[in-house]
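Report on one structure; see the data block that follows.
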Amino acid sequence: MNKITVIGAGTMGNGIAHVFAQKGFNVSLVDVSQEALNKGLSAIAKNLDRMVAKEKITVEDKEKTLGNIRGYNELEAGVKESELVIEAATENVTIKLNIFKELDKICPPHAILASNTSSISITKIASVTKRPDKVIGMHFMNPVPVMKLVEIIKGYSTSDEVTKQIIELSKKLDKIPVEVNDYPGFIANRILMPMINEAIISLFEGVAGVEEIDSVMKLGMSHPMGPLQLADFIGLDVCLSILNVLHDGFGNAKYAPCPLLVNMVTAGNLGVKSGMGFYEYTTGSKELKVAKSFKVPA
Ligand code: CAA
């Protein structure tokens, strides 16, 4: 495989384009909005600059990587001759199903269609195409250039051959692929989200404050970020939507999202991306500051 298309230039999409381009793949990055595309391309350049500053790559490597990426606003032009399309659009079932229906029509028949979904069923996505054996989950972690894991999700009809190809490809990116079956939340979020939810419930019940909860998990379990900071980093809306997938998918009350999480999302406090979550991100400082507006019932 040499020609790869990434759909969606947001944090995950531009990170995926970055790692493929850095390994010499010919990458088409597609986003319907020119503004989002420009933002994604400048995020890649900024992350490459950071790597140059840390002497992990040379300026020449950076230029080569950027030269391997082309931006497109139109799906059809972006997927032309692509052997693999990785969808990293908004985490919304309807949007994803529509994209896959369209991809199935316009992509070469041999092309593999992958989704970077964090929790939407690969089997469901595959069911709207005429090539369910060639639909697979490639779940990268944020920040994509840094995190080693790619969770490879085998849908109900995904072929062994396609799974093998995607595992080998992930290794070429210097990532570590881990194969899992397609059940709600796969493995990463089936385990991560209940931990985050439990941290929010602990805060909601007044067991401890924001910094205390995060300190316990950072200092006691060597997590690089506490669960509340991580929830802000992932996006509280994304956490809520994944918990709803787990709750609906298993019909088990243990996955019910904490009402505090629901309230924060409803109020628009979505974490880093909105400037406010459990912490404030408006000062531009790297130091964490617990959100002033943070309200927990006494
Ligand atoms: N691109 C390239 N390099 C980057 C980067 C990026 N976007 N972001 C960070 N880095 C590099 C830095 O240059 C730095 O490199 P060195 O080690 O060589 O110095 C290294 O990563 C660490 O970065 P920082 O020093 O800036 O900051 P940090 O030490 O606080 O680490 C972090 C930042 C890597 C994000 C770390 O806090 C971490 O690992 N956090 C947990 C992340 C995590 O759990 N991700 C998974 C989220 S879940 C998910 O993505 C899936 C889902 O479905 C919800």
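The values are calculated or read from the model by the stated rules, or taken from the named source; none is laboratory data. Note that the structure is predicted; figures quoted are calculated from it, not measured. Positions of Cβ are backbone-derived with ideal geometry, glycine not excepted, and every protein chain shown enters the neighbour counts.
For the reader, a short list of remarks on this structure follows.
- Inspection of the stretch 171-180 identifies no residue that is within 30 Å of V290 (Cα to Cα) and not assigned by TED's automatic domain parsing to the domain that holds L261.
- Check on I57, at negative phi, in a helix (DSSP H, G or I) and of a type outside the set (K, R): no
- Out of G71, G40, sole residue that is assigned by TED's automatic domain parsing to the domain that holds K148, touching a Leu at 6+ places or on another chain (Cβ under 9 Å) and surrounded by 20 or more Cβ atoms within 10 Å (Cβ to Cβ): G40
- Unmet criterion (only one of (1) without any contact (Cβ under 8 Å) to a residue 40 or more places away in the chain; (2) buried (at least 16 other Cβ atoms within 10 Å of the Cβ); (3) within 13 Å of the ligand (Cβ to nearest atom)) for A188: (1)
- Condition check for I167 on (1) within 30 Å of G24 (Cβ to Cβ); (2) surrounded by 14 or more Cβ atoms within 10 Å (Cβ to Cβ); (3) without any contact (Cβ under 8 Å) to a residue 24 or more places away in the chain; (4) within 15 Å of the ligand (Cβ to nearest atom): one failure, at (4).
- Those residues of the stretch 219-232 which are crowded, with 17+ Cβ neighbours inside 10 Å and in a helix (DSSP H, G or I), in sequence order: P227, L228, Q229, L230, A231, D232
- Residue selected from the stretch 35-73 under the condition among the acidic types (D, E) and within 16 Å of the ligand (Cβ to nearest atom), by the criterion nearest to T5 (Cα to Cα): D61
- Some residue of the stretch 248-264 being within 13 Å of the ligand (Cβ to nearest atom), among the β-branched types (V, I, T) and either surrounded by fewer than 18 Cβ atoms within 10 Å (Cβ to Cβ) or in the same structural domain as I122 (by TED's automatic domain parsing) (or both): no
- Pairs meeting the criteria (first residue in the stretch 44-56 and free of Cβ contacts under 8 Å to residues at least 40 places away in the same chain, second residue surrounded by fewer than 14 Cβ atoms within 10 Å (Cβ to Cβ), beta carbons under 8 Å, at least 6 apart or on different chains) are V52/T58; V52/V59.
- The residue that is nearest to G185 (Cα to Cα), counting only those in the stretch 233-245 that are surrounded by fewer than 24 Cβ atoms within 10 Å (Cβ to Cβ), more than 10 Å from the ligand (Cβ to nearest atom) and of a type in the set (A, V, I, L, M, F, W, C), is V245.
- Failed condition for V32, given (1) within 14 Å of the ligand (Cβ to nearest atom); (2) modelled with pLDDT under 95; (3) of a type in the set (A, V, I, L, M): (1)
- Among the residues of the stretch 142-163, those that are surrounded by fewer than 17 Cβ atoms within 10 Å (Cβ to Cβ) and in contact (Cβ under 8 Å) with a residue 40 or more places away in the chain comprise N142, P143.
- Residue in the stretch 284-294 that is within 29 Å of F140 (Cβ to Cβ), buried (at least 17 other Cβ atoms within 10 Å of the Cβ) and modelled with pLDDT under 95 present: yes
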